[in-house]
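I have placed the structure first, in the form of structure tokens, so that the comments after it can refer back to it.
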Amino acid sequence: MHKMAPSRPFRRPPSQTVPPTGPGRLVLLNKPFQVLTQFTAEDGKRTLADVLAAHPSADRLAGCYPAGRLDYDSEGLLLLTSHGPWQARIAHPRHKLVKTYWAQVEGVISEDALQQLRDGVRLKDGPARAVAAEALASPELPPRDPPVRYRTMIPTSWLSLSLDEGRNRQVRRMTAAVGFPTLRLVRVAIGPWTLDGLAPGDWREVPASEAAAVLGR
């Protein structure tokens, strides 16, 4: 695992400077809040390039790009890979790679709302159904910077939501559809890979044999 160090300029070197390992490379990154899932600057917002600038070994990620997206205002697990077929298998809904999110919502989530999420809700771009939806005790997570804004008289609660597709802002739209707006959203797992041991901004590489066993070659 690679931890953050004092910031330095980050420039993505040519991919051929890093020899390939097996069919490709797969990296787990804990994306911090308010970071774009891209390397190109846009509207002054922080990007993956800014996050990786803090790592002395960031040059090892040459040729790796995000597989799928994670909203600017969401946190958590993001996979980067240098292998095109893996990128497609991670990102495309037809491969049914389940992604699990922890969502802090406004109000105390009810069993009825959780069942609606399991049964399916109707969004503007069609129906959406959770593979799993369960109430969650308040998890131990690093504080968010900046912190969540709470309404003093309204309680909050957490739920775990698993999806096998990834439409734009889908989790937020689904919880809103059942009456519980999302305040904080953290993706904690993609397939067998989790955030375990990764602080915001940290990353680690998955052994090529492990990645290939899940994603093929």
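The values are calculated or read from the model by the stated rules, or taken from the named source; none is laboratory data. The model shown is predicted, which means the values in this text are computed figures rather than measured ones. Glycine also receives a Cβ, built like all others from the backbone with ideal geometry; neighbour counts cover every protein chain displayed.
Data overview
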read-out: Filter result (loosely packed, with under 15 Cβ neighbours inside 10 Å and either under 10 Å from the mean Cα position of the chain (by Cα) or in a loop (DSSP other than H, G, I, E, B) (or both)) within the stretch 70-103; value: 73, 92, 96, 98
read-out: Candidate set from the stretch 161-193 (those that are within 12 Å of residue 102 (Cα to Cα) and β-branched (Val, Ile, Thr)); member that is surrounded by the most Cβ atoms within 10 Å (Cβ to Cβ); value: 175
read-out: Residue within the stretch 136-145 that is in a strand (DSSP E or B) and either out of contact with any Ser or Thr (no Cβ under 6 Å at 6 or more places or on another chain) or in the same structural domain as residue 182 (by TED's automatic domain parsing) (or both) present; value: yes
read-out: Residue check, residue 82 among the polar types (S, T, N, Q) and either touching a residue at least 24 places away in the same chain (Cβ under 8 Å) or at positive phi (or both); value: yes
read-out: Residue check, residue 165 among the charged types (D, E, K, R), closer than 17 Å to residue 90 by Cα and in a strand (DSSP E or B); value: no
